[in-house]
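**Q** Take this structure, written in structure tokens, and hold onto it; I'll ask about it next.
No lab work stands behind these numbers, since they all come straight from the coordinates. The structure displayed is predicted, hence computed values, not measured ones. Cβ placement follows ideal geometry from the backbone for every residue including glycine, while neighbour counts extend to all protein chains displayed.
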Amino acid sequence: MKTDNAGLRAWMLQRLSAVYLILFVLLFGGRLLWAPPVDHAEWTGWLARPGVATAVILAWLALAVHAWIGVRDIAMDYVKPTAVRFTLLVAVAFGLLWLGVRLAAVLASIPAGGTP
Amino acid sequence: MARSPRPRNLDLWTVRFPVPAVLSILHRGSGLLLVLAIPWLAWMLERSVSGPEGFRAVVDHLASGPARLALVLVAWALAHHLFAGIRYLLIDLDIGVERRRARASAWLVNAAGVAVLILAAGRWGL
């Protein structure tokens, strides 16, 4: 059911996802910059930790929402032909969903407890 | 029905952009750039996790010229988008709404983005 506060909901979701992404980028990016993993074992061992894996999955969720609303806002301003805009937005939506599926597969492919 | 002539100014060089407008355009541009970088970043994540050989392939890839250029651009985009986003969140909380402070914070954000760009260019040897 289409509601008349859809714009407000997108506005709120954009800010909620932004707050999570700020924290994630600072912590995750900061960790990668300060102490880059030196080999595959260390890298996957870190990613497989339940806290890190959960944070990454949540970051994908926040990113999918945030990127979708952002691309939609830009498309509404600059992509006027309805068919082109629709195709673009459907492609972005499927791309973001596919990204989540691949990410889950990548994280699941790391053997649990393989490396400390 | 004849269209009424509207005032137009398509000569962009005569349009003066206030600093917050520059910040706003760069916020959009950096956001779009980050979306375009997602496939590249996702590919590196998948490859680096795939095995020791894939991890080394990504390390080698990141040492290449095009990848370092992309890293510097992504670093700027991420920094500008992050700083500008924090500024918008603070403005939503009624912090820094007043025009002088909004202009000052816009200058600060734009400059901080450029500072990260310079740092990243130094770090990745451009």
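**Q** Which whole-number value in Å³ per residue fits the convex hull of the alpha carbons of chain A?
**A** Details: hull volume 16.0 nm³, N = 116.
So the per-residue Cα hull volume is 138 Å³.
**Q** Just B:Ala106, B:Ala75, B:Ala67 to compare: in a GNM of chain B, with alpha carbon springs under 10 Å, which one fluctuates most?
**A** Among B:Ala106, B:Ala75, B:Ala67, the largest GNM mean-square fluctuation belongs to B:Ala67.
**Q** Please find the FRET efficiency linking B:Glu46 to B:Arg6, where r is the Cβ-Cβ separation and R0 is fixed at 45 Å, and quote it to the nearest 0.05. List each step's numbers first, then the result.
**A** Numbers: r = 51 Å, r/R0 = 1.14.
After rounding to 0.05, the efficiency reads 0.30.
**Q** Specify the inter-centroid distance of the stretch B:55-93 and the stretch A:35-51, based on alpha-carbon positions, in whole Å.
**A** 21 Å
**Q** Could you work out the local net charge near B:Ile86, counting Lys and Arg as +1, Asp and Glu as -1, over the other residues with Cβ closer than 14 Å to its Cβ?
**A** Around B:Ile86, the charge tally is +1.
**Q** Then there is this: Across peptide B:46-57, how many C-beta atoms of other chains are within 10 Å of each residue C-beta, on average? Before the final figure, lay out each step's value.
**A** Working: counts 5, 1, 6, 9, 4, 3, 5, 1, 1, 8, 2, 0.
Across B:46-57, the average partner-chain Cβ count within 10 Å equals 4.
**Q** Oh, and also: What does the charge count around A:Leu88 come to, taking other residues whose C-beta lies under 14 Å from its C-beta (Lys +1, Arg +1, Asp -1, Glu -1)?
**A** Values: positive: A:Arg72, A:Lys80, A:Arg85; negative: A:Asp73, A:Asp77.
It works out to a net charge of +1.
**Q** Also, quick follow-up: Take chain A, connect every pair of alpha-carbon atoms lying under 10 Å apart with a spring to form a Gaussian network, then pick out the residue of A:Gly95, A:Gly70, A:Gly30 with the largest mean-square fluctuation.
**A** A:Gly30
**Q** Quick test of the membrane-span-like rule: which DSSP H helices of chain A reach at least 30 Å along their long axis (C-alpha atoms) with mean Kyte hydropathy at least -1.0? Mind dumping the intermediate values first?
**A** Details: long enough: A:50-78 (41 Å, 1.22); A:82-109 (40 Å, 1.82).
Helices meeting the criterion: A:50-78, A:82-109.
**Q** Right, here's the next one. Among A:Ala64, A:Gln14, A:Ala83, whose Cα projects farthest towards the positive end of the dipole of chain A, with charges put on the beta-carbon of Lys, Arg (+1) and Asp, Glu (-1)?
**A** Projecting each Cα onto the dipole axis, the largest value belongs to A:Ala83.
**Q** Taking a ≥ b ≥ c as the square roots of the eigenvalues of the Cα gyration tensor of the stretch B:8-72, is the shape rounded (a/c under 1.5), prolate (a/b larger than b/c) or oblate? Walk me through the numbers on the way to the answer.
**A** On the way: a/c = 4.51, a/b = 3.31, b/c = 1.37.
Judged from the Cα gyration tensor, the stretch B:8-72 comes out prolate (a/c at least 1.5, a/b above b/c).
**Q** With label points built 7 Å along Cα→Cβ from the Cα atoms of B:Leu126 and A:Arg15, find their separation and express it in nm.
**A** The answer from the label model is 3.4 nm.
**Q** Just to be sure I understand the model, the point goes 7 Å from the Cα along the line to the Cβ. What's the resulting B:Arg99 to B:Arg28 distance in nm?
**A** In this crude label model, B:Arg99 to B:Arg28 measures out at 2.3 nm.
**Q** Cα-based Rg (one decimal) and Dmax (whole number) for chain B, in Å?
**A** 19.8, 70
**Q** With Cβ to Cβ distances under 15 Å as the rule, what net charge do the other residues near A:Asp39 carry (K, R +1; D, E -1)? Before the final figure, lay out the partial values.
**A** Values: positive: B:Arg47, B:Arg56; negative: A:Glu42, B:Glu53, B:Asp60.
Combined, the nearby Lys, Arg, Asp and Glu give -1.
**Q** What is the ratio of the Cα radius of gyration of the protein assembly as shown to 2.2 N^0.38 Å, with N the residue count, to two decimals? Working shown, then result.
**A** Numbers: Rg = 20.6 Å, N = 242, 2.2 N^0.38 = 17.7 Å.
My calculation over the Cα atoms of the protein assembly as shown gives 1.16.
**Q** Could you calculate the FRET efficiency of A:Val79 with B:Trp13 from 1/(1 + (r/R0)^6), where r is the beta carbon distance between them and R0 is 30 Å, rounded to 0.05? Could you put the intermediate results ahead of the total?
**A** Working: r = 26 Å, r/R0 = 0.87.
In this case the efficiency is close to 0.70.
**Q** Find, among the trypsin sites (Lys or Arg not before Pro) in the stretch B:1-108, those assigned to loop by DSSP (not H, G, I, E, B) with at most 12 other beta-carbon atoms within 10 angstrom.
**A** On the way: sites: B:Arg3, B:Arg8, B:Arg16, B:Arg28, B:Arg47, B:Arg56, B:Arg68, B:Arg87, B:Arg99, B:Arg100, B:Arg101, B:Arg103; in loops: B:Arg3, B:Arg8, B:Arg16.
For trypsin sites (Lys or Arg not before Pro) across the stretch B:1-108 that sit outside H, G, I, E and B with at most 12 neighbouring Cβ atoms in 10 Å, the list reads B:Arg3, B:Arg8, B:Arg16.
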